[in-house]
Amino acid sequence: MSQKRILPFGDPILRKKSKPVDEITPKIIKLLDDMTDTLYAADGRAGLAAPQVGILRRVIVMDCGDGLIELINPEIIKISGEQTGSEACLSFPGYAGIVKRANHVMIKSMNRRGETFFLEGRGFLARCIQHEIDHLNGILFIDHVQGNALYHEETRQKIDLFDVIRLSNQHV
């Protein structure tokens, strides 16, 4: 197992739609294991989607405080309620923004053995599930940020979203 490099915002791979996993192969198992190592090595982590490590497959690993969750080909089948709160991303280190999401989600997914399962999430888990599934569709949390502003996590200074996008694109 090994850690992968997390792609920074501005990398074009982050805007592409991921392909479904047709078969659970040793390569997919290794991807799950490597993504888990990468997730646990990252500061401020909750979830990681395969596109963030340069792999356009519908694979996610998450740990929102209750242990590792692995998702392969996850699909949201039900959403309800609403929550608004701070959200950040490993591909956007140091910044957070205010994002509105559903407060409750139910998804259908596969595990590493190819078995289908259902997962229900509320609150932070629901937020994380939606954030990571967005990654599989080339959607980033900044696409949902309210007020066109991000906040630097250390200084809490408000930063215009368009300035952050312009600076990020210069470094890729």
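The values are calculated or read from the model by the stated rules, or taken from the named source; none is laboratory data. This is a predicted model, so every value here is computed, not measured. Cβ sites come from the backbone with ideal geometry, for glycine too, and all protein chains shown count toward neighbours. The protein model used for the area step is the full one, side chains on, heavy atoms only, and it has no ligands, DNA or RNA in it. Shrake-Rupley method; radii C 1.70, N 1.55, O 1.52, S 1.80 Å.
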### Task
Please work out the Cα center distance from region 105-156 to region 7-72, rounded to the nearest Å.
12 Å
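Which order do D143, D11 take by accessible area at a 1.4 Å probe, largest first?
D143, D11
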### Query
Once the Cβ-Cβ distance between I24 and Q83 is put in as r, and R0 is 30 Å, what FRET efficiency do you end up with, to the nearest 0.05?
0.35
### Message
I'd like the Karplus ³J(HN,Hα) series for region 122-132: coefficients 6.51, -1.76, 1.60, θ = phi - 60°, whole numbers in Hz, and an x wherever there's a Gly or Pro.
### Response
10, x, 4, 4, 4, 4, 5, 4, 5, 4, 6
### Message
Under a Cβ-only charge scheme (Lys and Arg +1, Asp and Glu -1), can you give me the dipole magnitude of region 93-165 about the Cα centre, in debye to the nearest 20?
### Response
340 debye
### Query
Toward the positive end of the charge dipole of the chain, about the Cα centre and with charges on Cβ (Lys, Arg +1; Asp, Glu -1), which of P51, S80, T38 goes farthest?
P51
### Query
So what J values fall out for region 83-96 if you push phi through Karplus, 6.51 cos²θ - 1.76 cosθ + 1.60 with θ = phi - 60°, rounded to Hz, Gly and Pro as x?
9, 10, x, 6, 9, 9, 8, 5, 7, 9, x, x, 10, 9
### Summary
Here, D163 and A41, labelled 7 Å along Cα→Cβ, have an inter-label distance in nm of 3.3 nm
### Task
Return the long-range amide H neighbours of G54 (sequence gap of 5 or more, or a different chain), with a cut-off of under 5 Å between placed amide H atoms.
L7
#### Entry: Only Lys, Arg (+1) and Asp, Glu (-1) charged, at Cβ; the chain dipole about Cα centre in debye
380 debye
### Task
Would you kindly derive the ³J(HN,Hα) couplings of region 146-163 from the backbone phi angles with the Karplus curve 6.51 cos²θ - 1.76 cosθ + 1.60 (θ = phi - 60°), listing them in order in whole Hz, with x for Gly and Pro?
7, x, 6, 9, 10, 10, 5, 5, 7, 8, 6, 6, 6, 10, 4, 4, 5, 5
